[in-house]
Amino acid sequence: MVTVSKKICMVGDFGVGKTSLIRRFVDREFSDRYLSTVGVKISRKVIPLTTNADIDELKLLIWDLEGQTKFKAITPTYLQGSSGVLIVADVTRPETISHIEDHLQLFFGVNPAGWVAIALNKTDLLDSDEKAYLQSTIQFDHPHLLGPYLTSAKTGDHVDEIFTELATNMLS
């Protein structure tokens, strides 16, 4: 059995749901209780692969980077060696969406050949018209960019999909 390990970093402003998305994906759990990540927390998840003849499973090392701005200087160090990044914004806080471009520039500055997925999180708090508006207005153009995905760590909407798509593209 052949296993390949890949590093994914989670970035975004504080309180956007990075840790909650990881908990939903890795542990299949959700909690409304807010716990701020200090520094970095690393989680692991093994994904079996059926579409790749050479690799049987992919081990994801998911680095949950804290969102406080005082650590911005060390963030590039954490991003080194990452094959991909999941940028998370909170749809109820427009300023977190406006910071996506900053996170993109930071990641591609460290890993120009890496892959990026964008999660617009907490969509369970929006109605269908608001979701449609977000989907149609928020666009980014880069050949290694996936999304944006409308996610909800609470309901699980598109959580597995965004991690799986990112992981699959990192193998290409």
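Side notes on the structure shown:
- Tally of residues being modelled with pLDDT of 90 or more and not in a loop (DSSP other than H, G, I, E, B) across the stretch 132-167: 14
Residues checked against (1) part of a strand (DSSP E or B); (2) at pLDDT 80 or above; (3) surrounded by 13 or more Cβ atoms within 10 Å (Cβ to Cβ):
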residue	(1), (2), (3)
Met1	no, no, no
Ser5	yes, yes, no
Gly15	no, yes, yes
Leu35	no, no, no
Ile47	yes, yes, yes
Ile55	no, yes, yes
Tyr78	no, yes, yes
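- In the stretch 146-172, the residues that are in contact with a Leu (Cβ under 8 Å, 6 or more places away or on another chain), among the hydrophobic types (A, V, I, L, M, F, W, C) and buried (at least 17 other Cβ atoms within 10 Å of the Cβ): Leu146, Leu150, Ala153, Val159, Ile162, Phe163, Leu166, Ala167
- Screening Asp127 with (1) farther than 24 Å from Glu29 by Cα; (2) out of contact with any Lys or Arg (no Cβ under 8 Å at 6 or more places or on another chain); (3) surrounded by fewer than 17 Cβ atoms within 10 Å (Cβ to Cβ) gives one miss only, at (1).
- On inspection, Phe140 does not qualify as surrounded by 21 or more Cβ atoms within 10 Å (Cβ to Cβ), more than 24 Å from Pro48 (Cβ to Cβ) and aromatic (Phe, Trp, Tyr).
The values are calculated or read from the model by the stated rules, or taken from the named source; none is laboratory data. Treat the numbers as computed from the prediction; the structure is a model and nothing was measured. With ideal geometry, Cβ positions are generated from the backbone for all residues, glycine too; neighbour counts draw on all protein chains shown.
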